[in-house]
């Protein structure tokens with residue numbers, strides 16, 4: 001049998017799921033040997049030929065398997081977390097289970113009413129009011145008018161859009177739109193809920209309501225399939241987790257082990273790429289000229305340095321340029337994955353293109369939401385710096401940062417600035433502690449020079465603090 005005609009079963013049973021006679025929870029979702037294949041075409045006319053002549057057994061495209069031989073079961077009251085890199089097949093799998101697309105091979109059985117939070121609001125008619133769209137979505141999901149009447153007030157209260165519920169949704173802001181879409185799906189209390197990166201909609205107060213609703217659904221024995229790039233979300237809700245990579249299931253089991261394996265894949269792919277052999281030609285780019293190791297005794301080898309060819313370098317009147325950036329652990333070994341509390345050592349070098357006075361070097365760390373998490377330079381550390389530097393000379397920095405920050409991916413920006421000798425001496429003699437921003441001129445900045453990963457302490461996924469960073473402080477108490 002041809003691949004495009006491979007047998008598959010795609011079944012959704014809307015009868016309520018019940019407890020089995022054995023007392024164990026009944027299977028709500030069964031996925032057996034599911035695969036999904038697409039044809040990719042080099043030319044538009046090849047797609048047309050395929051549509052016209054496929055019955056003759058001719059193929060004008062090449063096969064691409066988005067999923068291959070994936071199997072698992074989810075019981076009522078369980079939450080299966082699905083993790084993997086972009087393009088690993090997570091969304092394709094959820095769309096098959098939700099009934100949006102059919103599988104090429106394998107069988108899918110869903111027992112009970114299913115709702116999905118995939119593309120929020122994809123079923124909304126922009127000309128209809130919010131109220132009309134609520135009832136429309138309820139009808140699509142199999143709810144009668146009286147059932148929706150009983151649930152409407154809860155949905156409207158959850159969405160918090162007030163009188164706009166009776167206005168056409170085409171006039172809604174994006175925040176109002178996604179809040180109503182989430183409220184419709186989450187408040188219908190399905191037996192199977194599919195969630196694809198939908199727990200970060202709206203403001204922080206609405207996100208907290210979304211998480212509270214998830215906990216309520218789990219308590220009501222809802223089966224949940226959850227895709228998220230937030231490992232904290234996966235660890236919080238999942239009873240089991242599956243790791244997908246290139247359309248295949250690499251692991252299915254404990255969430256902490258799935259997360260650890262996911263981080264291992266990220267670490268392998270994030271390792272620095274080896275640069276070209278150093279050249280004496282000063283016209284070559286910084287990506288082709290890794291620094292030598294003649295100064296700073298623990299300066300890394302060339303294999304540690306990142307490829308800066310895709311980094312955005314901003315230079316002030318071509319006064320300096322960055323010639324190398326490396327991420328290492330405290331032993332000086334190239335490293336792109338760290339555990340909370342570890343220290344990252346960032347090595348970076350600049351070539352001076354024009355005579356300058358006092359140089360300063362520093363870095364900033366940004367999280368995935370482009371929030372500045374940390375930033376310090378040599379002034380903040382009160383380090384004594386050279387009083388001048390000549391054109392053609394180079395300066396190196398080794399900056400270590402203790403990563404008491406939340407798990408996730410981060411990028412690093414490195415930069416170099418200068419300060420006049422007069423201002424530098426005056427501030428040093430005055431023992432100034434404030435950052436003299438007005439006296440400092442940035443010479444060069446390399447945005448997103450590289451990225452690194454911070455993972456939780458995998459055993460038990462313990463985090464010694466809450467939020468983005470570990471802010472040092474103290475607490476006292478007293479009894480009256």
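The values are calculated or read from the model by the stated rules, or taken from the named source; none is laboratory data. It should be emphasised that the depicted structure is a prediction, and the values quoted were computed from it without experimental measurement. Don't worry about glycine lacking a Cβ; one is built from the backbone with ideal geometry, like all the others, and counts go over all protein chains shown.
Within region 28-53, track down each residue that is assigned to a loop (DSSP other than H, G, I, E, B) and in contact with a strand residue (DSSP E or B) (Cβ under 9 Å, 6 or more places away or on another chain). Steps first, please.
Start the filter on region 28-53 by keeping residues that are assigned to a loop (DSSP other than H, G, I, E, B), which leaves 41-43.
Of everything in region 28-53, those that are assigned to a loop (DSSP other than H, G, I, E, B) and in contact with a strand residue (DSSP E or B) (Cβ under 9 Å, 6 or more places away or on another chain) turn out to be 41, 42.
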Q. Is region 410-419 home to any residue that is in the same structural domain as residue 348 (by TED's automatic domain parsing), out of contact with any helix residue (DSSP H, G or I) (no Cβ under 6 Å at 6 or more places or on another chain) and at pLDDT below 90?
A. yes
Q.
I need the full set of residues from region 370-384 which are buried (at least 18 other Cβ atoms within 10 Å of the Cβ) and either without any contact (Cβ under 8 Å) to a residue 60 or more places away in the chain or farther than 26 Å from residue 262 by Cβ (or both), in order please.
A. 377, 378, 379
Q: Please report, ordered by residue number, the strands (runs of 3 or more DSSP E) entirely within region 54-133 with at least 2 residues that are at pLDDT 90 or above and in contact with a strand residue (DSSP E or B) (Cβ under 8 Å, 6 or more places away or on another chain).
A: 62-75, 79-83, 105-111
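Would a scan of region 158-166 turn up a residue that is part of a helix (DSSP H, G or I), surrounded by 15 or more Cβ atoms within 10 Å (Cβ to Cβ) and under 27 Å from the mean Cα position of the chain (by Cα)?
So the first thing to find is which residues in region 158-166 are part of a helix (DSSP H, G or I), and the list is 158-159, 162-166.
From what's left, surrounded by 15 or more Cβ atoms within 10 Å (Cβ to Cβ): 158-159, 164-165.
Adding the requirement that they be under 27 Å from the mean Cα position of the chain (by Cα) leaves 158-159.
Looking through region 158-166, at least one residue is part of a helix (DSSP H, G or I), surrounded by 15 or more Cβ atoms within 10 Å (Cβ to Cβ) and under 27 Å from the mean Cα position of the chain (by Cα).
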Q: Identify all residues within region 235-265 that are buried (at least 17 other Cβ atoms within 10 Å of the Cβ), over 18 Å from residue 70 (Cβ atoms) and either under 16 Å from the mean Cα position of the chain (by Cα) or not assigned by TED's automatic domain parsing to the domain that holds residue 28 (or both); write none if there are none.
A: 235, 259, 260, 263
Q. Between residues in region 48-68 that are at negative phi and residues that are at pLDDT 80 or above and exposed (fewer than 12 other Cβ atoms within 10 Å of the Cβ), which pairs lie under 8 Å by C-beta distance while being six or more apart or on different chains?
A. 61/40; 62/40; 63/40; 64/40
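Looking at region 308-329 only, could you name the residues that are under 26 Å from the mean Cα position of the chain (by Cα) and at pLDDT below 90?
Within region 308-329, 308, 309, 310, 311, 312, 313 qualify.
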**Q.** Failed condition for residue 386, given (1) at pLDDT 90 or above; (2) closer than 30 Å to residue 241 by Cβ; (3) part of a loop (DSSP other than H, G, I, E, B)
**A.** (2)
Q: Test each condition in (1) crowded, with 16+ Cβ neighbours inside 10 Å; (2) at pLDDT 60 or above for residue 287 and report the one that comes out false.
A: (2)
